[in-house]
1. Taking S347 as meeting all but one of (1) among the polar types (S, T, N, Q); (2) at pLDDT 95 or above; (3) outside any helix (DSSP H, G or I), write down the number of the exception.
2. Report the residue count in the range 202-229 for those that are basic (K, R) and in a strand (DSSP E or B).
3. Can you go through A222, A259 and tell me which one is at negative phi and within 15 Å of ligand 1 (Cβ to nearest atom)?
4. All but one of (1) among the charged types (D, E, K, R); (2) in contact with a Gly (Cβ under 7 Å, 6 or more places away or on another chain); (3) within 16 Å of ligand 1 (Cβ to nearest atom) hold for D295; which doesn't?
5. Looking for something within 15 Å of ligand 2 (Cβ to nearest atom), closer than 29 Å to L204 by Cβ, in contact with a Gly (Cβ under 7 Å, 6 or more places away or on another chain) and not in a helix (DSSP H, G or I) - is there at least one such residue anywhere in the range 261-271?
6. Looking at A332, A313, which is the one that is under 30 Å from S137 (Cα atoms) and in a helix (DSSP H, G or I)?
7. Return the only residue of L324, L297, L317, L285 being in the same structural domain as L254 (by TED's automatic domain parsing), within 16 Å of V119 (Cβ to Cβ) and free of Cβ contacts under 8 Å to residues at least 60 places away in the same chain.
8. Looking for something more than 12 Å from ligand 2 (Cβ to nearest atom) and surrounded by fewer than 24 Cβ atoms within 10 Å (Cβ to Cβ) - is there at least one such residue anywhere in the range 294-302?
Amino acid sequence: MLIVMKATATPEQVDAVCKRIESLGLRPHPLPGAERTAIGITGNRGMVEQGGLAEMPGVQEVIRVTKPYKLVSRDLKEEGTVIRFAGTDATIGGKRLAVMAGPCSVESRDQIFAIAEIVAKGGAQFLRGGAYKPRTSPYAFQGLGEEALQLLAEVREAFGLRIVTEAIDNESLALVEQYADMIQIGARNMQNYSLLKRAGRSKLPVLLKRGMSATLEELLMAAEYVMSEGNYNVALVERGVRTFVDHTRNTLDLSIVPAVQKLSHLPILVDPSHGTGKRDKVLALARAAVAVGADGLMVEVHHQPDQALSDGAQSILPEQFAQLMDEAAAIAKVVGREVSRGIKVESAAGAAR
Ligand code: PEP
Ligand code: MN
(Lines give C-alpha, C1' and ligand atoms only; values in the text may rest on other atoms or scores of the structure.)
(Ligands and ions follow the chains in the order given, each with its own letter.)
Protein backbone atom coordinates (compact mmCIF):
# COMPACT_ATOMS: atom_id res chain seq x y z
CA MET A 1 0.00 0.00 0.00
CA LEU A 2 1.09 3.55 -0.54
CA ILE A 3 -0.30 6.81 0.67
CA VAL A 4 -0.40 9.79 -1.65
CA MET A 5 -0.46 13.06 0.29
CA LYS A 6 -2.16 16.16 -1.09
CA ALA A 7 0.12 18.74 -2.70
CA THR A 8 -0.93 21.08 0.12
CA ALA A 9 -0.16 18.60 2.94
CA THR A 10 2.04 20.05 5.67
CA PRO A 11 5.18 18.33 7.03
CA GLU A 12 3.24 17.80 10.29
CA GLN A 13 0.51 15.96 8.41
CA VAL A 14 3.10 13.76 6.67
CA ASP A 15 4.65 13.10 10.05
CA ALA A 16 1.34 12.19 11.63
CA VAL A 17 0.63 9.67 8.86
CA CYS A 18 4.11 8.15 9.32
CA LYS A 19 3.47 7.82 13.06
CA ARG A 20 0.13 6.14 12.44
CA ILE A 21 1.82 3.67 10.07
CA GLU A 22 4.41 2.91 12.78
CA SER A 23 1.66 2.40 15.32
CA LEU A 24 0.29 -0.31 13.03
CA GLY A 25 3.65 -2.09 13.40
CA LEU A 26 4.74 -1.10 9.87
CA ARG A 27 7.51 1.04 8.39
CA PRO A 28 6.75 4.29 6.56
CA HIS A 29 8.97 5.50 3.71
CA PRO A 30 8.10 9.11 2.90
CA LEU A 31 9.46 10.07 -0.52
CA PRO A 32 8.98 13.76 -1.30
CA GLY A 33 8.34 14.49 -4.97
CA ALA A 34 8.17 17.72 -6.95
CA GLU A 35 4.39 17.87 -6.65
CA ARG A 36 3.61 15.91 -3.51
CA THR A 37 4.92 13.41 -1.00
CA ALA A 38 4.04 9.75 -1.25
CA ILE A 39 4.60 7.35 1.62
CA GLY A 40 5.45 3.74 0.90
CA ILE A 41 4.64 1.15 3.53
CA THR A 42 6.72 -1.95 4.20
CA GLY A 43 6.76 -4.58 6.90
CA ASN A 44 3.36 -6.05 6.18
CA ARG A 45 2.98 -9.74 5.49
CA GLY A 46 -0.35 -9.57 3.74
CA MET A 47 -2.81 -6.81 3.03
CA VAL A 48 -2.29 -3.69 5.10
CA GLU A 49 -5.20 -2.80 7.37
CA GLN A 50 -6.15 0.75 6.44
CA GLY A 51 -6.23 1.82 10.12
CA GLY A 52 -8.05 5.05 9.30
CA LEU A 53 -5.16 6.30 7.15
CA ALA A 54 -7.41 7.39 4.28
CA GLU A 55 -9.30 9.73 6.57
CA MET A 56 -6.27 11.49 8.03
CA PRO A 57 -5.71 15.19 7.27
CA GLY A 58 -3.56 15.79 4.20
CA VAL A 59 -4.13 12.35 2.69
CA GLN A 60 -5.28 12.39 -0.89
CA GLU A 61 -5.39 8.73 -1.73
CA VAL A 62 -4.53 5.29 -0.43
CA ILE A 63 -3.41 3.00 -3.23
CA ARG A 64 -3.02 -0.76 -3.10
CA VAL A 65 0.25 -1.83 -4.69
CA THR A 66 -0.10 -4.93 -6.79
CA LYS A 67 3.50 -5.13 -8.04
CA PRO A 68 6.06 -7.07 -5.97
CA TYR A 69 8.19 -3.94 -5.60
CA LYS A 70 6.95 -0.77 -4.01
CA LEU A 71 9.65 1.76 -3.19
CA VAL A 72 11.47 1.54 -6.51
CA SER A 73 8.22 2.01 -8.40
CA ARG A 74 7.15 5.08 -10.33
CA ASP A 75 3.77 4.60 -8.68
CA LEU A 76 5.41 5.90 -5.51
CA LYS A 77 7.44 8.68 -7.13
CA GLU A 78 6.56 9.96 -10.55
CA GLU A 79 9.66 11.99 -11.31
CA GLY A 80 13.09 10.44 -11.64
CA THR A 81 15.33 10.26 -8.58
CA VAL A 82 18.31 12.58 -8.62
CA ILE A 83 21.17 11.57 -6.33
CA ARG A 84 23.21 14.52 -5.10
CA PHE A 85 26.68 14.72 -3.59
CA ALA A 86 26.95 17.33 -0.87
CA GLY A 87 29.26 20.25 -1.52
CA THR A 88 29.52 19.54 -5.26
CA ASP A 89 27.41 19.83 -8.40
CA ALA A 90 27.72 16.09 -9.06
CA THR A 91 24.46 14.31 -9.71
CA ILE A 92 23.17 10.97 -10.88
CA GLY A 93 19.76 11.15 -12.55
CA GLY A 94 18.09 14.19 -14.06
CA LYS A 95 19.06 15.96 -17.26
CA ARG A 96 22.81 15.59 -17.00
CA LEU A 97 24.38 12.21 -17.66
CA ALA A 98 26.56 10.83 -14.88
CA VAL A 99 29.89 9.57 -16.19
CA MET A 100 31.97 7.24 -14.02
CA ALA A 101 35.33 6.21 -15.30
CA GLY A 102 38.54 4.69 -14.06
CA PRO A 103 40.51 1.47 -13.95
CA CYS A 104 38.93 -1.85 -13.07
CA SER A 105 41.37 -2.08 -10.15
CA VAL A 106 43.42 0.45 -8.26
CA GLU A 107 46.93 -0.91 -8.79
CA SER A 108 49.34 1.72 -7.47
CA ARG A 109 49.54 5.40 -6.60
CA ASP A 110 51.11 6.27 -9.97
CA GLN A 111 48.49 4.30 -11.86
CA ILE A 112 45.45 5.75 -10.12
CA PHE A 113 46.75 9.33 -10.27
CA ALA A 114 47.60 9.02 -13.97
CA ILE A 115 44.13 7.67 -14.75
CA ALA A 116 42.34 10.15 -12.48
CA GLU A 117 43.93 12.97 -14.43
CA ILE A 118 42.60 11.56 -17.69
CA VAL A 119 39.15 11.07 -16.19
CA ALA A 120 39.04 14.59 -14.73
CA LYS A 121 40.29 16.13 -17.98
CA GLY A 122 37.59 14.33 -19.89
CA GLY A 123 34.98 16.03 -17.69
CA ALA A 124 33.65 13.06 -15.70
CA GLN A 125 32.48 13.74 -12.17
CA PHE A 126 33.09 10.27 -10.76
CA LEU A 127 36.18 8.14 -10.53
CA ARG A 128 35.43 4.47 -10.29
CA GLY A 129 38.13 2.05 -9.29
CA GLY A 130 38.13 -1.27 -7.48
CA ALA A 131 39.80 -1.89 -4.13
CA TYR A 132 38.08 -5.23 -3.59
CA LYS A 133 37.76 -7.36 -6.69
CA PRO A 134 35.40 -10.33 -6.94
CA ARG A 135 37.47 -12.47 -9.34
CA THR A 136 36.53 -15.74 -10.97
CA SER A 137 39.85 -17.23 -9.89
CA PRO A 138 41.08 -17.11 -6.30
CA TYR A 139 44.59 -16.79 -7.75
CA ALA A 140 43.81 -13.63 -9.72
CA PHE A 141 44.53 -10.16 -8.33
CA GLN A 142 42.03 -9.52 -5.56
CA GLY A 143 42.58 -5.77 -5.16
CA LEU A 144 44.73 -3.73 -2.81
CA GLY A 145 41.98 -3.43 -0.21
CA GLU A 146 42.22 -0.56 2.26
CA GLU A 147 45.43 0.73 0.70
CA ALA A 148 43.48 1.31 -2.52
CA LEU A 149 40.74 3.08 -0.58
CA GLN A 150 43.32 5.42 0.88
CA LEU A 151 44.67 6.18 -2.59
CA LEU A 152 41.14 6.83 -3.84
CA ALA A 153 40.59 9.28 -0.99
CA GLU A 154 43.76 11.08 -2.03
CA VAL A 155 42.55 11.25 -5.61
CA ARG A 156 39.34 12.78 -4.34
CA GLU A 157 41.28 15.49 -2.57
CA ALA A 158 43.52 16.15 -5.55
CA PHE A 159 40.92 16.18 -8.35
CA GLY A 160 37.58 16.71 -6.61
CA LEU A 161 36.20 13.63 -8.35
CA ARG A 162 33.61 11.71 -6.31
CA ILE A 163 34.70 8.16 -5.59
CA VAL A 164 32.72 5.04 -6.45
CA THR A 165 34.12 1.68 -5.39
CA GLU A 166 32.86 -1.82 -4.85
CA ALA A 167 32.13 -3.53 -1.55
CA ILE A 168 32.09 -7.31 -1.73
CA ASP A 169 30.98 -8.12 1.82
CA ASN A 170 29.90 -6.40 5.03
CA GLU A 171 33.47 -5.98 6.18
CA SER A 172 34.66 -4.21 3.03
CA LEU A 173 31.46 -2.17 2.97
CA ALA A 174 32.28 -0.68 6.37
CA LEU A 175 35.68 0.40 5.00
CA VAL A 176 34.30 1.69 1.71
CA GLU A 177 31.91 3.86 3.74
CA GLN A 178 34.86 5.53 5.44
CA TYR A 179 36.66 6.53 2.24
CA ALA A 180 34.27 6.71 -0.71
CA ASP A 181 31.22 8.65 -1.89
CA MET A 182 29.22 5.79 -3.35
CA ILE A 183 29.13 2.04 -2.77
CA GLN A 184 29.13 -0.25 -5.77
CA ILE A 185 27.45 -3.62 -5.41
CA GLY A 186 28.70 -5.80 -8.26
CA ALA A 187 26.88 -8.19 -10.54
CA ARG A 188 27.95 -11.22 -8.52
CA ASN A 189 26.45 -9.75 -5.37
CA MET A 190 23.21 -8.42 -6.82
CA GLN A 191 21.31 -11.08 -4.94
CA ASN A 192 23.44 -11.11 -1.81
CA TYR A 193 20.52 -10.04 0.31
CA SER A 194 22.38 -9.51 3.56
CA LEU A 195 24.86 -7.23 1.76
CA LEU A 196 22.00 -5.35 0.10
CA LYS A 197 20.36 -4.80 3.48
CA ARG A 198 23.62 -3.60 4.95
CA ALA A 199 24.02 -1.15 2.04
CA GLY A 200 20.46 -0.06 2.75
CA ARG A 201 21.54 1.02 6.22
CA SER A 202 24.44 3.08 4.86
CA LYS A 203 24.35 6.85 4.45
CA LEU A 204 26.13 6.57 1.10
CA PRO A 205 24.32 6.13 -2.21
CA VAL A 206 24.43 2.69 -3.77
CA LEU A 207 25.33 1.75 -7.34
CA LEU A 208 23.72 -1.60 -8.03
CA LYS A 209 24.91 -3.61 -11.01
CA ARG A 210 22.62 -6.06 -12.73
CA GLY A 211 23.40 -9.70 -12.04
CA MET A 212 24.66 -11.55 -15.10
CA SER A 213 21.46 -13.55 -15.41
CA ALA A 214 19.05 -11.28 -13.58
CA THR A 215 15.69 -10.33 -15.00
CA LEU A 216 14.38 -6.80 -14.84
CA GLU A 217 12.17 -7.74 -11.93
CA GLU A 218 15.05 -9.35 -10.03
CA LEU A 219 17.12 -6.20 -10.52
CA LEU A 220 14.30 -4.00 -9.22
CA MET A 221 13.74 -6.33 -6.27
CA ALA A 222 17.43 -6.10 -5.38
CA ALA A 223 17.11 -2.29 -5.36
CA GLU A 224 13.98 -2.71 -3.27
CA TYR A 225 16.08 -4.53 -0.65
CA VAL A 226 18.35 -1.51 -0.34
CA MET A 227 15.48 0.97 -0.24
CA SER A 228 13.45 -1.07 2.23
CA GLU A 229 16.17 -0.38 4.80
CA GLY A 230 15.78 3.37 4.33
CA ASN A 231 18.45 4.19 1.74
CA TYR A 232 16.63 5.78 -1.19
CA ASN A 233 19.72 6.82 -3.13
CA VAL A 234 20.12 3.90 -5.48
CA ALA A 235 21.28 3.90 -9.11
CA LEU A 236 21.18 0.83 -11.35
CA VAL A 237 23.70 -0.33 -13.94
CA GLU A 238 23.15 -2.50 -17.00
CA ARG A 239 26.44 -4.34 -17.57
CA GLY A 240 25.44 -7.08 -19.96
CA VAL A 241 23.99 -10.51 -19.40
CA ARG A 242 25.17 -14.01 -20.26
CA THR A 243 23.92 -15.30 -23.57
CA PHE A 244 25.08 -17.83 -26.16
CA VAL A 245 27.08 -15.26 -28.11
CA ASP A 246 30.84 -15.41 -27.94
CA HIS A 247 31.89 -12.34 -29.91
CA THR A 248 31.50 -10.27 -26.75
CA ARG A 249 32.06 -11.05 -23.07
CA ASN A 250 28.41 -10.32 -22.25
CA THR A 251 25.42 -9.15 -24.24
CA LEU A 252 24.60 -5.56 -23.42
CA ASP A 253 20.85 -5.42 -22.95
CA LEU A 254 20.14 -1.82 -23.82
CA SER A 255 16.42 -2.43 -23.98
CA ILE A 256 16.38 -2.66 -20.19
CA VAL A 257 17.00 1.11 -20.03
CA PRO A 258 13.57 2.26 -21.23
CA ALA A 259 12.02 -0.74 -19.48
CA VAL A 260 13.46 0.34 -16.13
CA GLN A 261 12.56 3.96 -16.77
CA LYS A 262 8.96 3.02 -17.38
CA LEU A 263 8.63 1.11 -14.12
CA SER A 264 11.02 2.85 -11.77
CA HIS A 265 12.11 6.34 -10.74
CA LEU A 266 15.69 5.14 -10.14
CA PRO A 267 18.44 6.25 -12.55
CA ILE A 268 19.95 3.59 -14.77
CA LEU A 269 23.48 3.75 -16.16
CA VAL A 270 25.12 1.56 -18.78
CA ASP A 271 28.52 -0.11 -18.53
CA PRO A 272 29.72 -0.84 -22.07
CA SER A 273 33.07 -2.09 -20.74
CA HIS A 274 31.82 -5.24 -18.99
CA GLY A 275 28.96 -5.25 -21.48
CA THR A 276 31.31 -5.99 -24.36
CA GLY A 277 34.62 -7.02 -22.78
CA LYS A 278 36.42 -5.58 -25.82
CA ARG A 279 38.07 -2.20 -26.13
CA ASP A 280 37.19 -1.74 -29.79
CA LYS A 281 33.47 -2.05 -29.05
CA VAL A 282 33.17 0.16 -26.00
CA LEU A 283 32.73 3.50 -27.78
CA ALA A 284 30.05 2.20 -30.13
CA LEU A 285 27.99 0.80 -27.28
CA ALA A 286 28.54 3.92 -25.19
CA ARG A 287 27.06 5.98 -28.03
CA ALA A 288 24.12 3.59 -28.24
CA ALA A 289 23.60 3.80 -24.46
CA VAL A 290 23.33 7.58 -24.57
CA ALA A 291 20.98 7.37 -27.54
CA VAL A 292 18.73 4.88 -25.77
CA GLY A 293 18.33 7.33 -22.89
CA ALA A 294 20.66 5.96 -20.22
CA ASP A 295 21.17 8.23 -17.22
CA GLY A 296 24.90 7.78 -17.37
CA LEU A 297 27.88 5.65 -18.31
CA MET A 298 30.41 3.59 -16.44
CA VAL A 299 33.58 2.91 -18.38
CA GLU A 300 36.94 1.37 -17.63
CA VAL A 301 39.90 3.50 -18.65
CA HIS A 302 43.58 2.64 -18.38
CA HIS A 303 46.69 4.45 -19.54
CA GLN A 304 48.57 1.15 -19.90
CA PRO A 305 45.87 -1.44 -20.46
CA ASP A 306 48.32 -4.14 -21.52
CA GLN A 307 49.75 -4.06 -18.02
CA ALA A 308 46.43 -3.85 -16.19
CA LEU A 309 45.95 -6.37 -13.40
CA SER A 310 42.29 -6.84 -14.35
CA ASP A 311 40.07 -6.14 -17.35
CA GLY A 312 42.82 -4.62 -19.52
CA ALA A 313 41.23 -5.95 -22.71
CA GLN A 314 38.11 -3.88 -22.19
CA SER A 315 39.79 -0.76 -20.81
CA ILE A 316 39.83 2.14 -23.23
CA LEU A 317 42.83 4.38 -23.81
CA PRO A 318 43.01 8.04 -22.72
CA GLU A 319 42.34 9.42 -26.20
CA GLN A 320 39.39 7.08 -26.60
CA PHE A 321 37.93 8.37 -23.36
CA ALA A 322 38.19 11.95 -24.62
CA GLN A 323 36.45 10.87 -27.83
CA LEU A 324 33.75 9.05 -25.86
CA MET A 325 32.99 12.19 -23.86
CA ASP A 326 32.70 14.30 -27.02
CA GLU A 327 30.47 11.78 -28.75
CA ALA A 328 28.33 11.34 -25.65
CA ALA A 329 27.88 15.12 -25.44
CA ALA A 330 26.81 15.32 -29.09
CA ILE A 331 24.29 12.48 -28.82
CA ALA A 332 23.02 13.68 -25.44
CA LYS A 333 21.89 16.91 -27.10
CA VAL A 334 19.71 15.02 -29.54
CA VAL A 335 17.90 13.22 -26.71
CA GLY A 336 17.51 16.33 -24.57
CA ARG A 337 20.31 15.55 -22.15
CA GLU A 338 23.75 16.94 -21.47
CA VAL A 339 27.14 15.68 -20.35
CA SER A 340 29.12 17.07 -17.45
CA ARG A 341 32.25 19.02 -18.21
CA GLY A 342 33.93 18.59 -14.88
CA ILE A 343 32.93 18.75 -11.25
CA LYS A 344 32.52 21.86 -9.13
CA VAL A 345 33.51 21.43 -5.52
CA GLU A 346 32.17 24.29 -3.42
CA SER A 347 34.90 24.49 -0.84
CA ALA A 348 37.53 22.47 0.93
CA ALA A 349 34.85 21.67 3.49
CA GLY A 350 32.61 20.57 0.65
CA ALA A 351 35.14 17.94 -0.25
CA ALA A 352 34.24 16.15 2.95
CA ARG A 353 30.90 14.41 2.83
C1 PEP B 1 33.54 -4.08 -12.15
O2 PEP B 1 32.75 -3.12 -12.19
O3 PEP B 1 34.77 -3.97 -12.25
C4 PEP B 1 32.95 -5.42 -12.04
C5 PEP B 1 33.55 -6.42 -11.41
O6 PEP B 1 31.77 -5.47 -12.68
P7 PEP B 1 30.58 -6.55 -12.62
O8 PEP B 1 30.19 -6.66 -11.18
O9 PEP B 1 29.53 -5.91 -13.48
O10 PEP B 1 31.11 -7.82 -13.21
MN1 MN C 1 36.20 -4.63 -14.26
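The values are calculated or read from the model by the stated rules, or taken from the named source; none is laboratory data. As the structure is a prediction and not an experimental result, all values here were calculated from the model. Every residue, glycine among them, receives a Cβ derived from its backbone with ideal geometry; neighbour counts consider all protein chains shown.
1. (2) is the only condition that S347 fails.
2. Of the residues in that region, 1 qualify.
3. Details: A259 fails: within 15 Å of ligand 1 (Cβ to nearest atom).
Sole residue among the options that is at negative phi and within 15 Å of ligand 1 (Cβ to nearest atom): A222.
4. The one condition D295 does not meet is (3).
5. Yes, the conditions are met somewhere in the range 261-271.
6. Values: A332 fails: under 30 Å from S137 (Cα atoms).
The match here is A313.
7. Testing whether each residue is in the same structural domain as L254 (by TED's automatic domain parsing), within 16 Å of V119 (Cβ to Cβ) and free of Cβ contacts under 8 Å to residues at least 60 places away in the same chain leaves just L317.
8. Keep residues of the range 294-302 that are more than 12 Å from ligand 2 (Cβ to nearest atom), which gives 294-297.
The next check asks that each one be surrounded by fewer than 24 Cβ atoms within 10 Å (Cβ to Cβ); those that pass are none.
No - not one qualifying residue is present in the range 294-302.
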